[in-house]
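Here's the structure we're looking at; comments come further down.
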Amino acid sequence: MESVDKASRKPPGPGWLDRQRWLLEVLEEAIENARAESQAKTGRGRDNSSRLEWTKTLHRLLETYEYQLEAIKRHLYGTYEIGEPGEKQDRLIEFERKFNTFVAKPWKADDLKLRCGDCGAISEDVHQHHFRNEDLHLCDQCYQKRQASQRSS
C-alpha cells in the first residue's frame, strides 16, 4: 500500500510543526486506505470479520488524527485548554480571529486591480515600478512614456 511507502520516509525538517504535518499526511492516507478496505464488498479476504477489523482500525485512526489536530491547536494557541475561538478572552485566539477576518479573507478579482498613478486607470495591468527612488503604480502605457522621457533627458 502507498501509506507503507510514505511512512518509511523520514519526517521533513527539524521543526515540530513540520513533523506534525508529515504525520497528518500519513494518517490521512492510512484513513483513506482503511475506509476503502472497510467498505470493500468482494475479493479475497473481504469477509465480514475482515471488514469489521478494518472499521475498528479506521475508528482508531480517526481518533489519532483528532488527537494530533488537538496537539497542533494547543501548540499554536500556546495553551493546554482547547476551546472554540471566542469562548475565552485569549489574545492569541482574538488575534487569529482578526487575522482571518481582515488578512486571510478570500481575494476577489477587484483586489488584484491597482490604480495607475499617472492616468488613473484601474486595472490588473497596473504594476509597481521604481523611478528615481520612488515606487509608483503605473500601467504599461504610462510606464513606456516615463521610460521614453527618462531616456530623452
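Quick notes on this one:
- Meets criteria (part of a helix (DSSP H, G or I), touching a Ser or Thr at 6+ places or on another chain (Cβ under 6 Å) and modelled with pLDDT under 85) for Arg51: yes
- Of all the listed residues (Glu53, Glu25), the sole one being assigned by TED's automatic domain parsing to the domain that holds His75, out of contact with any Leu (no Cβ under 8 Å at 6 or more places or on another chain) and over 23 Å from Leu76 (Cβ atoms) is Glu53.
The values are calculated or read from the model by the stated rules, or taken from the named source; none is laboratory data. Quantities reported herein were computed from a predicted structural model and do not represent experimental measurements. Counting neighbours? That spans all protein chains shown, and the Cβs are built from the backbone with ideal geometry, glycine included.
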